[in-house]
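Beneath this line is the structure, given in structure tokens, with notes to follow.
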Amino acid sequence: MAAGASTDLRREGGGRSFMLFVYLGLHLGAIAIFWVEVRLVDLILAFVLLQVRGFCVSGGYHRLLAHHSYCTSRLMRFLLSAGACTALRGGPLWWVALHRFHHRHSDTERDTFSPAKGFWWSYAGWLVSGRYDQTDYNQVRDLARAPELCWLNRWWLLPALLLAAAVLLLGGWTTFLVAFCLSSVLLFHSMAALDSLNHYIGRRRYDTGDDSRNNFVLALITLGEGWHNNHHHYQSAANSGFFWWEVDGTYTLLRLLSWFGLVWNLRKPTPAILRRNLLRRRPSSSRSEEPSLRRTA
Ligand SMILES: [Zn+2]
Ligand SMILES: [Zn+2]
């Protein structure tokens, strides 16, 4: 599936406006837990599904597919990508194309979800606007050579439907509302917070030419993705937390998988890279400082 794919194929992968109703339905399902008897096992399953799906997006879509920051088998790559599809943020090629575009045009007029375009736009508006429903194959020519990833990009809603059906059949309606709907809603908001707040609230350690920030709270709830200024500084690293105190759940899990030989060649920044382009210490930027678009594109 190459850059010259048909219009229909390019419109697959995500960004469709009907997803607004899917997200609204999930929110209604999550609110409905107040009218059912929630069991501890449902909450535990919700936590597990939240973390596993978050890891598949962070460790699979982001650090593996978008940045090739470590190596794994083709089967493992497919499983991580299918797991990431269940997060309902789009298919692998669509997601990666947008993400690479974000890195190329961070905080410029062309950046898809820069908070300088408005908080709600960067939080969720862009996702359900229907304006980004095409997979830009020019950004993902490497991944488009893999037919199984192209297949997933076309049928990206299928893994989520299968997961929802499995949870419903195995646990019943209460488990479905808690473990699937509630965890999907929490996942939705953690991903939306990444899109909007990672370039808005937090400290900047490196001069990256954009507005990317490091945010401890975001890093905690998103398995390390909150160390976003670090990540913009050196995108090829498997670790976004560069120091021991920068909690990075994704990297911890990747190291765990490496002990079992499931992933390998995890790339880390060298000491020279860690020292490069350091900003002088000064009062951190905060929400009082409005983000602005860079004029260069
Ligand atoms: Zn960014
Ligand atoms: Zn990235």
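Rule-based calculations on the coordinates, nothing more; no lab input. Only a predicted model underlies this, so the values are computations on that prediction, with no experimental measurement involved. No Cβ is skipped: glycine too gets one built from the backbone with ideal geometry, and neighbour counts run over all protein chains shown.
Structure above, values below:
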{"item": "With at most 12 neighbouring Cβ atoms within 10 Å, loop GluC sites (Glu not before Pro) (DSSP) excluded, longest segment of the chain", "result": "38-288"}
{"item": "Where only alpha carbons of segment 7-275 are counted, the Rg and the Dmax (Å)", "result": "17.9, 56"}
{"item": "For Tyr206, distant residues with modelled amide H under 5 Å away", "result": "Leu279"}
{"item": "Cα-based helix-to-principal-axis angle, 157-175 vs the chain, degrees rounded to 10", "result": "60"}
{"item": "Size-normalised alpha-carbon gyration radius of segment 164-236, reference 2.2 N^0.38 Å", "result": "1.47"}
{"item": "Spatial separation of Cα centroids for segment 224-285 and segment 11-84, in angstrom", "result": "22"}
{"item": "The chain: angle of helix 74-85 to the longest principal axis, Cα-based, in degrees nearest 10", "result": "80"}
{"item": "Helix axis angle, 40-55 relative to the chain longest principal axis, alpha carbon, degrees", "result": "40"}
{"item": "Leu40 versus Trp151: modelled label distance in nm, points set 7 Å from Cα along the beta carbon direction", "result": "4.2"}
{"item": "Computed over segment 22-161: relative contact order in percent, which uses C-alpha pairs under 8 Å that are six or more apart", "result": "26"}
{"item": "Over the chain: helical MRE at 222 nm, DSSP H runs n ≥ 4 each giving -39500 (n - 2.57), nearest 500", "result": "-13000 deg cm²/dmol"}
{"item": "Length gained when the stretch Val22-Phe260 is fully extended (0.36 nm per residue, less Cα-Cα span)", "result": "82.0 nm"}
{"item": "Placed amide H near Thr108: partners under 5 Å, 5+ positions off or other chain", "result": "Arg294"}
